[in-house]
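The values are calculated or read from the model by the stated rules, or taken from the named source; none is laboratory data. None of these values were measured; they are calculated from a predicted model. Here the Cβ positions follow ideal geometry from the backbone for every residue, glycine too, while neighbour counts run over all protein chains shown.
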Amino acid sequence: MGTLVVAAAPIGNIGDATDRLKDAITKTKFVAAEDSRKFTRLCRDLGIEYHAKVISFFEGNERERLEELERALFENEIVLLITDSGMPAVSDPGYRAISLALEKGFPIQVLPGASAVTTALVLSGLPTDRFAFEGFLPRTEIARDRALAELAEEERTMIFFEAPHRVSAFLKSAEQAMGENRRAAVCRELTKTYEEVQRGSLAELHKWSTSKEMLGEFTIVIAGFLRRDVTHSEDEIVGLVKRLEQAGISRKEAISTVAKDLGVPKRNVFDIMVSHK
């Protein structure tokens, strides 16, 4: 039985290709590539030759190719799965191939490499201890706005991919959902010659995005929600507690619930309620 080798490709700088990737390319007899032409160009840039059958394996034909991929795993020692850049299955084709291999009992090997996700995270200067990768959000304005609104109180640093012609609209939606002062970074053309990183508030970044034509590949990093940065008026807190009481919840439980939801000390909420008798 063959091994499915899932290989990360350089995200821009060809020098990031690993020796393990080069070795796998020269040894395999079967390659499932997101774009066969780009795979050929990668090999040319690396100065290596391949002697494998190469099939296209992209989002539009993944399901159709699975039977051929399974047959290849039975017939070859190594089947190489590679996308145009970065790690297969991370906002790229590959998940179905990996699922097939696991279901059929084929071993899997991963060749790690460059990642736009972690590269942008580190470059952003935002907290790296906890983060959430969201990939591409829905393309339509309403669906994108809804998705960002749902993430407004996500406490982890968030990472997104976005097409150049939608960057400005994305930043505008993020500003409306998360506030103009939320910190963020826009990373363009990572590891390439014209790599650029813009850091600032969402309002500042949205203004920047409208000042010039957006070109290249973009990764956007947004700081997580910090509850301690949010201030709530006493009237707001009293209103929330009273609404819970009107719903049949005891004052003690209502105070505890409001304190937890707003991220403020329970004692503070209790004192506010006492002063508003």
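Some points to look at:
- Matching residues in the range 95-105 - criterion: being touching a residue at least 60 places away in the same chain (Cβ under 8 Å) and surrounded by fewer than 19 Cβ atoms within 10 Å (Cβ to Cβ): 98, 105
- Members of the range 116-137 found to be surrounded by fewer than 19 Cβ atoms within 10 Å (Cβ to Cβ) and small (Gly, Ala, Ser), listed by number: 125, 132, 135
- Residue-level check: of (1) closer than 21 Å to residue 118 by Cβ; (2) buried (at least 22 other Cβ atoms within 10 Å of the Cβ); (3) under 16 Å from the mean Cα position of the chain (by Cα), residue 156 misses just (2).
- Selection status of residue 84, under 22 Å from residue 162 (Cα atoms), surrounded by fewer than 22 Cβ atoms within 10 Å (Cβ to Cβ) and in contact with a Gly (Cβ under 8 Å, 6 or more places away or on another chain): no
- Extreme residue, nearest to residue 85 (Cα to Cα), among residues of the range 218-277 that are surrounded by 13 or more Cβ atoms within 10 Å (Cβ to Cβ) and among the hydroxyl-bearing types (Ser, Thr, Tyr): 219
Every residue, every condition in (1) of a type outside the set (Lys, Arg); (2) in contact (Cβ under 8 Å) with a residue 12 or more places away in the chain; (3) not assigned by TED's automatic domain parsing to the domain that holds residue 155, yes or no:
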{"site": "235", "(1), (2), (3)": "yes, no, yes"}
{"site": "239", "(1), (2), (3)": "yes, no, yes"}
{"site": "244", "(1), (2), (3)": "yes, yes, yes"}
{"site": "253", "(1), (2), (3)": "yes, no, yes"}
{"site": "257", "(1), (2), (3)": "yes, yes, yes"}
{"site": "260", "(1), (2), (3)": "no, no, yes"}
{"site": "263", "(1), (2), (3)": "yes, yes, yes"}
{"site": "267", "(1), (2), (3)": "no, no, yes"}
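- Residue 92 meets the stated requirement of being part of a loop (DSSP other than H, G, I, E, B), acidic (Asp, Glu), surrounded by 16 or more Cβ atoms within 10 Å (Cβ to Cβ) and out of contact with any helix residue (DSSP H, G or I) (no Cβ under 6 Å at 6 or more places or on another chain).
- Check on residue 236, over 19 Å from residue 137 (Cβ atoms) and under 17 Å from the mean Cα position of the chain (by Cα): no
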